[in-house]
Structures are given as C-alpha cells and as structure tokens.
Amino acid sequence: MAILSSLRRRSAAVSVAAIAGATAVGVCLAVSSASAGTLSGSLYRDPSSAVVRWVAANPGDSRAAVIRDKIASQPQARWFANFSPSTVQSEVSGFIGTANAAQQIPVLAVYEITNRDCGGASAGGAPDLNQYQTWVSNFARGLGNQTVIIILETDSLALLTCLSSAEINARNQAISTATRTIKAGNPNAKVYLDGGHSTWNSAGETANRLRAAGVQYADGFFTNVSNYNSTSNEANFGRAVISALNGMGISGKRQVIDTSRNGGASGDWCGDDNTDRRIGQYPTTNTGDGNIDAYLWVKPPGEADGCRYTAGSFQPDLAFSLANGAPNPPTTTPPTTPPTTPPTTPPTTPPTTPPAGDGCYASVAVNQWAGGFTASVTVTAGMSDINGWTVTVALPSGAVTSTWSAQASGTSGTVGFTNVSYNGRVLGRQSTSFGFQGTGTGPSTTATCATS
C-alpha cells in the first residue's frame, strides 16, 4: 500500500533558484534529443490493486466508470511498505511472476527505511538498519532476472531534518548497500533513488545527497512522488541534477518522473484537500527524452496523503476528483492501451476465442525456472455471467508456496483454487485471473474450471 508523508511541502521558488544557480556556476544544461531513455516496453498493470478492487466491487457507483477508464486501466506501482522479512520474498516473486508472464515491466516502490517520514503520517519501516538490510536481502531474492523498476525509499534523501549527522551517514550507507543488494539479486533491475522534487531541495544539494547515498550504483533518481509539479518543471530540474552529477564525475544517470497527480494545480502539497488536482501524463517508457527513462504513476491516484484520510488508504472521491475532466488514455500504443469498454472485473482482456455455452474455462501461463515456477491463470466466463469459480490444476512435482487473488486448497498433487471476494463475479465472455508460485515443475497449460 502506498503511504506517503505529510512532510513534503516546499516553496516553489526553490526550483527556479536551484536551476538558475546551477547555470550561474557554469553547469551546462544540455537539451536531450527526442529519444527515449534506457527503458523500453510496456508497463505492468496490477490486476489486484486497490483501485481495481474498488471498481470491481462497486460497478453501480456513479464514479466507477470514470475511475475505471482513467485510473484503474493504467499501470501503477506496487508498494512494499509493511515490514515482513519472512514473507516479502514470496510476495515479491508472486508479483514479479505475473508481470513476467505478461511480458511487461513491473514497478515496485520500496518504502521500508528505518525512521521513514521522520515520524510523520507515514511513520514506520524497519526497526533498525540491520533489520532493514535483512528485509532488502529477502526482497532481492524474489526479483527474478527480467527487467523490473525499483523506486527505492521515497523521501529518504530529500527529508533528513530529523536525523543527526551520524544517522544521515548510516542511512546513506544503508541505501547504497540496498542498491547493490538489489542489483546483485537481479542484474536487470533498474534502481532509482530519491530525488525529491523541483520545489524542495536545490539541484546541487539533491546531487550531493544522491552521491552520498550511492547513486553511482543505481540507474538514476526519481522525482515528484511527493508532489504535483508539472512534468516540464521536473524535467528541467532533472537535467540540472544530472548536470551536477556529471560535474562530480558520475555520468549516465537518468530520471523517472511521477506524473500520477500533476495534471492540474500545483502549490499546496496535500492532495486530500485539493480538488484542483488532475492525473498527469499516462504511464509510459516512451518519453521522447534521453534523460528520462519513464513517466510513472508511483503514488497511486486516489490513495490519500494523510490529511483528511489515513495515509495510503484508497478514497474513491479523491480518485474521481483526479480523473474527472482529465484526458482519456492514449489509444495508439498497445499493449498498455486499455480496452475500449473495460468490463468491471480485473483483468480486462477476454480470451481470443471465448468458450461456447455456460460455465467457465481456465487457461494457464507458466514461467518455469530451475527448481521453481510461477503460474498465471485466466478464468473466462461462458455465455452467461458467473458468480464464483473453482479451478483445479495438477502439479507433476513440487508444491505451491504462495497464491494471489485466489484461495488454494492443498499444496501438491491436484490443487484447487477458489475465487476471493473481488473476482468471483465474471461477466459473460469476460475474464479474471489469479496466480501462484511453487517449487518443482509447474502445471500444464490447461486446467478445469467449475462454477460455484
């Protein structure tokens, strides 16, 4: 769950002064050519995100269509913010497995640093930095070996006011070690460190903090997760930071920008209380800017900041406010394009050849590796709607170790999976999905499906 702090507001004048200051001392702000950054491919849409679950559970709500079409249809970050060292590996590998099966790039936001948010609305994280490193090591073991995007510790470098010099040094070392641990776990992981935003710290100060935290081991930095600054202002700020890093001998770093809430008014930081916000540019790796790897929705639109509502809780009125009046999603760049008329149950892609008759049909996509697998199962209704389903699969060997978006009965041999509350109802000729991970050899690509 995304939970962000109340300690992130800064004067807009800082950004202008920061960029102007960088120019004044002779730092060249080169203009990027019209090409994408180092990332390419479609971003993964989580079929079990809070907004998708809300839309599925509230099809009759007057706000549902707008929220569905403009927010739930889009890829957003999955936040890892609960300190759970014993389960985080399976949680990560399950999420990664479904994204890999879809051949899309998942975005994971790590929010576990000790003393996060300086004790503000999103206080929490690991009890100490030794336990933090244990958690990160377990997290890294679940990342697989395909491209993933890691947003590492929002506000951890921009917000240091509560820390002593010794604590700042310890945090910097922890983030640097975490970056290298993640890279060792998955060399194809793209790791970005906290760059705050364009109306917080100056570009030069941001570059200094990034260097101290080991940005040389990372792919770059992210900005605007904690604010609503325009994409153009964030891009200008990012160029200034990159130029400052270049001046320190740290080259090749790039920016990702959170555009989830920057399509309307800027200024006052708290989205819970401002109805002038709008969603910004839709998520994509095709930025047209060589300095910028992606425009992402890191902070999920509709999840609160901690002003009127509990930080991280999904609030449909906030989502509707952000989406209402915003442009429609793009329709020219598959496969991230949402369907023309999305159904009310996730995910939204029906099979190529829907089954005839009533009942349900299940197909399985398996990602196998030495010693283990993940499986993504698509459940499709026949001609009529269904209100509950059970899918049965046979495992040649090994056992199921984790399941998502379903309840498992048994772990080996013949295993049954039953729907959970938000994906039991499937409209006729539409689909939903679930997944599971296990040891040994995965199931075949066919399974049996029965309605409840």
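Values quoted throughout were computed directly from the atomic coordinates according to the rules given, and no laboratory measurement underlies them. Note that the coordinates shown come from a computational prediction; the quantities given were computed from them, not determined experimentally. Here the Cβ positions follow ideal geometry from the backbone for every residue, glycine too, while neighbour counts run over all protein chains shown.
Here is how the numbers come out for the structure above:
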quantity	calculated
Rounded to 5, percent antiparallel among DSSP beta bridges of the stretch 13-323	10 percent
J(HN,Hα) series, the stretch 159-170, from Karplus relation 6.51 cos²θ - 1.76 cosθ + 1.60, nearest Hz, glycine and proline x	10, 10, 5, 8, 9, 6, 4, 5, 5, 5, 4, 5
Positive minus negative residues near THR223 (Lys, Arg vs Asp, Glu; Cβ under 9 Å)	-3
Per-bin percent of Cα-Cα distances, the stretch 360-451 [5 Å]	3, 16, 29, 25, 15, 8, 4, 1, 0
Using θ = phi - 60° and Karplus 6.51 cos²θ - 1.76 cosθ + 1.60, couplings along the stretch 193-200 (whole Hz; Gly, Pro as x)	9, 6, x, x, 7, 6, 10, 10
Cα-Cα separations in the stretch 187-232 greater than 18 Å, expressed as whole percent	30 percent
Per-residue ³J(HN,Hα) for the stretch 85-97, Karplus 6.51 cos²θ - 1.76 cosθ + 1.60, θ = phi - 60°, Hz, x for Gly and Pro	x, 7, 10, 5, 4, 5, 5, 5, 5, x, 5, 4, x
Cross-link pairs LYS190/LYS299; LYS70/LYS190; LYS183/LYS299 - those with Cα-Cα distance over 21 Å	LYS70/LYS190; LYS183/LYS299
Under-5 Å amide H pairs with ARG261, H placed in peptide plane, nonlocal only	GLY280
Under 5 Å, built H, 5+ apart or other chain: amide partners of ALA447	ALA362
Two-site label geometry, ASN328 and THR161: point separation in nm, points 7 Å out along Cα→Cβ	4.5 nm
Amide H contacts under 5 Å for VAL256, placed H, 5+ residues apart	PHE221, PHE222, THR223, ASP293
Rg to Rh, two decimals, where the stretch 13-323 supplies the alpha carbon set and Rh follows Kirkwood	0.94
Virtual paramagnetic centre 7 Å along Cα→Cβ of THR414, amide N under 19 Å, in the stretch 360-397	360-364, 389-397
Segments 382-391, 112-121 sorted - mean Cβ within 10 Å per residue, highest first	112-121, 382-391
Label-to-label distance, nm, for residues given as GLN133 and TYR309 (7 Å Cα→Cβ offset)	3.9 nm
